[in-house]
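What follows is one structure encoded as structure tokens, with my remarks underneath.
What follows is calculated from the coordinates using simple rules that are stated; it is not laboratory data. Note that this is a predicted model, so its numbers are computed, not measured. Methodologically, a virtual Cβ is constructed for each residue, glycine included, from the backbone with ideal geometry; neighbour enumeration extends over all protein chains shown.
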Amino acid sequence: MSYLALSLTLIFVLIPLVLSRTLRLGLEKDTLIATVRSIIQLLAVGYVLQYVFEADNIIFLLLMILLMIGAATQNARKKGASIRGITWKLFITFVFIEALTQSILLGFSIVPPTPQYIIPISGMVIGNSMVLGILFLNRFTAEIENRQDETELILTLGGTPKQAIHTQLITSIKASTIPTIESQKTIGLVQLPGMMSGQIIAGADPVQAVQFQLLILFILLTTAVVTSIMLGFLSYPTLFNKRMQFLKIR
Amino acid sequence: MSQTAILFQDVNYSADDLKILKNINGYFPEGKIATIVGPSGAGKSTLFKLCNGLRSPDSGEILIKGKPIINFHPVELRRKVGIALQSATMISGSVLENLELPLRLQGKTIDIEFAKELLHDVGLDGDFLMRNAKELSGGQQQKLSIARTLVNQPEVLLLDEITSSLDRVSQHDIEELIEKINEKYGTTMIWITHNLEQALRIGQYTWVMMNGELIESGESSLLRNPQDKRVQEFVKGEIV
Ligand SMILES: Nc1ncnc2c1ncn2[C@@H]1O[C@H](COP(=O)(O)OP(=O)(O)OP(=O)(O)O)[C@@H](O)[C@H]1O
Ligand SMILES: [Mg+2]
């Protein structure tokens, strides 16, 4: 795409700005911030990627992945602020998911071990894991809060912490993973996934684009389910103390 | 003095820097029905939660039949000392699932005949088993909550305002049931009630709590002529 063409895409930013102004929606500031941030962040990433691909050095690759995990952790932790130690729990979850998916992909030589594959796939895995983490934590903290009485009831009857939080945990795991599973049922019928569209526009063979998209979709299923379960099982014990007492959430 | 079921020694408890229980010293006799009375916010429900290990005191000691609470495994303590919670919380599902809960937590199931008998004991019809527990009336939930607590066959039963939303007849039935269980199994009963007449009717022993303190304790008849000014004020007009 030429730079002129790229500049012209700003028309798509102007439309919401004008609409927001006329209808007094008050979205101008956020729209502008979003636009500027996306330009800077993506351009920066573009140059960094170029550098990392050319250098082809494992250290840079690992640094890049660490950076993604750090940013994802930073983003998701606010949603779980009421759970003690949520920062490192998220961090461990993201590291685990990344290691799990990459070891399967590279271990079975499903994709070549080059930064061109590893980085974009890692980005999708960590990004989706982050969204799942946020969905899960949102739901889980709400469930804990709304069902404190049930938790306490089960404890009084001689239930263990795990039994006392079981319903809330399962509900939250299910609720957070359902969107991923449901959206895959209709994929391709309504909208073409972003990565596949990008590949096709960039001139790739559609069938090959589909193959990669399927790979990503399946990875994302694992990512979704493993993220929620792992976060759930790492989080619930901190809601109780050694005497099996339910601690008031902060 | 008869045997002591629960003994409190200098028990203090606070939450969020708020002193909820202040230097509690007292006991409840074993095998009897005792009551706790006192205004709202006195710390009565909190006292129960300490007895059952849902909370731990900041200082002081609670002994169940001579054994300090900290020496019990929490699960063992909670089965031994059961609470029918003030809120009569129901889990989602049927009446049967609620009744079965204490057993399900131990990986067991409930015998349907036993379940029906329990329902009958608390004054609920056997056909209630399949009803949705959350759709029962407040009073019916209180009855179910009592039945559920009985499933664990506790040695000490803590009843937190279990008849507060019941009509006079049901209230009477529950009182009879509690007396019956107390006689049959020698279960120690401690009953929080706002109803001083009820305290006099059913309890041999009573505690008057106010503002986190145990003000007076002794034979229930103390409610008729209390020593403490605040207690006199509290019982005035309540007992005829
Ligand atoms: N987890 C908690 N955090 C902060 N304050 C609490 C907590 N639990 C209870 N309290 C406070 O402790 C005090 C005693 O509460 P408690 O429920 O024990 O009173 P009560 O005597 O049972 O009252 P009622 O007759 O209304 O049931 C109240 O002021 C209450 O607000
Ligand atoms: Mg209370």
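Of all residues in the range A:151-201, those being away from chain B (no Cβ under 14 Å) and in a helix (DSSP H, G or I) number 23.
What residue, among those in the range B:49-79 that are over 13 Å from residue A:155 (Cβ atoms) and crowded, with 19+ Cβ neighbours inside 10 Å, is nearest to ligand 1 (Cβ to nearest atom)? Among those that are over 13 Å from residue A:155 (Cβ atoms) and crowded, with 19+ Cβ neighbours inside 10 Å, it is B:50.
Of everything in the range B:133-148 that is surrounded by 13 or more Cβ atoms within 10 Å (Cβ to Cβ) and more than 14 Å from chain A (Cβ to nearest Cβ), the residue that is nearest to the chain's Cα centre (by Cα) is B:143.
Scanning the range A:235-250 for residues that are more than 13 Å from residue A:173 (Cα to Cα) and buried (at least 18 other Cβ atoms within 10 Å of the Cβ), we see that the one that is nearest to the other protein chains (Cβ to nearest Cβ) is A:244. Between B:151, B:208, the distinction of being within 14 Å of chain A (Cβ to nearest Cβ), crowded, with 16+ Cβ neighbours inside 10 Å and among the β-branched types (Val, Ile, Thr) belongs to B:151 only. Is it true that residue B:214 is within 14 Å of ligand 1 (Cβ to nearest atom), of a type in the set (A, V, I, L, M, F, W, C), within 14 Å of chain A (Cβ to nearest Cβ) and surrounded by 20 or more Cβ atoms within 10 Å (Cβ to Cβ)? Spelling it out, it is not the case that residue B:214 is within 14 Å of ligand 1 (Cβ to nearest atom), of a type in the set (A, V, I, L, M, F, W, C), within 14 Å of chain A (Cβ to nearest Cβ) and surrounded by 20 or more Cβ atoms within 10 Å (Cβ to Cβ). Scanning the range B:1-50 for residues that are more than 26 Å from residue B:238 (Cα to Cα), of a type in the set (Ser, Thr, Tyr) and away from ligand 2 (no atom under 16 Å from the Cβ) yields a count of 3. One residue stands out in the range B:48-83 among those that are touching a Ser or Thr at 6+ places or on another chain (Cβ under 8 Å) and farther than 24 Å from residue A:239 by Cβ: the one that is farthest from the other protein chains (Cβ to nearest Cβ), namely B:66.
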